[in-house]
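Read-outs throughout are calculated quantities, based only on the coordinates presented, and are distinct from any laboratory measurement. The structure presented is a predicted model; accordingly, all values stated were derived computationally and were not measured. When we count neighbours, we look across all protein chains shown, and the Cβ atoms used for this are built from the backbone with ideal geometry, even at glycine.
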Amino acid sequence: MEIVQIIGIAFVATFIVVLLRQYKPEYTIHISIIAGIIIFGLVVFKLSAIIELLQTLSNKLGVNAKFFAILIKITGIAYLSEFAVNICKDSGESAIAAKVELGSKILIVSMSIPILGALLDTMASILP
């Protein structure tokens, strides 16, 4: 069970951060980042299986491969930006976190334009 490993890493990192905060608070952000990278490394292998399954389903359903690629990229942007925002907030930089959040939202909307265009074309072809 990978969740036990993830929770264990989180608890150990939190314990180390609490201890270090008293003596060397400048090192706490490094511990948080390292713990986040380790946890991300544990789950990144699961992502490939999920993507493979979604590709199989999209091929069976006849979904355009271009749209599928866009959706995977949008999902990746959302997860990575959330990770970056949380790191920025943990280090006390909420202003930078807000800019990362805004930038990721703009990227997601701009990447979704082709999908929205295809949806509108489909709706226009259905309506008389």
Inset, instruction - Kindly provide the helix-only [θ] at 222 nm of the chain, computed as the sum of -39,500 (n - 2.57) over DSSP H runs of four or more divided by all residues, to the nearest 500 deg cm²/dmol? - result: -31000 deg cm²/dmol
Inset, instruction - Please determine, in degrees from 0 to 90 and to the nearest 10, the orientation of helix 65-90 with respect to the longest principal axis defined by the Cα atoms of the chain, where the helix direction is its Cα long axis. - result: 20
Legend entry - Angle between the chain longest axis and helix 2-23 axis [Cα atoms, degrees, rounded to 10]: 40
Inset, instruction - Would you mind classifying the chain by shape? Square roots of the alpha carbon gyration tensor eigenvalues, ordered a ≥ b ≥ c; an a/c under 1.5 is rounded, otherwise it is prolate if a/b is larger than b/c and oblate if not. - result: oblate
Inset, instruction - Putting +1 on Lys and Arg Cβ atoms and -1 on Asp and Glu Cβ atoms, find which of Pro128, Ile72, Ile96 reaches farthest to the positive end of the dipole of region 64-128. - result: Pro128
Inset, instruction - Quick one: compute the contact order of the chain, relative version, from alpha carbon pairs under 8 angstrom and 6+ residues apart, as a percent. - result: 19
Legend entry - Out-of-range pairs (alpha-carbon distance over 30 Å; input Lys66/Lys89; Lys24/Lys89; Lys24/Lys105; Lys73/Lys99): Lys66/Lys89; Lys24/Lys105
Legend entry - Sequence of Met1, Met123, Met111 once ranked by neighbouring C-beta atoms within 10 Å, starting from the fewest: Met1, Met123, Met111
Inset, instruction - Would you kindly compute the Cα radius of gyration of region 64-128 and its largest Cα-Cα separation (Dmax), both in Å? - result: 15.9, 56
Inset, instruction - Would you mind pulling out the separation of the Cα centroids of region 1-19 and region 84-128, in Å? - result: 31
Inset, instruction - Let me have the relative contact order for region 64-128, percent, based on Cα pairs under 8 Å that are six or more residues apart. - result: 36
Inset, instruction - Between the alpha-carbon centers of region 66-81 and region 34-58, tell me the distance in whole angstrom. - result: 13
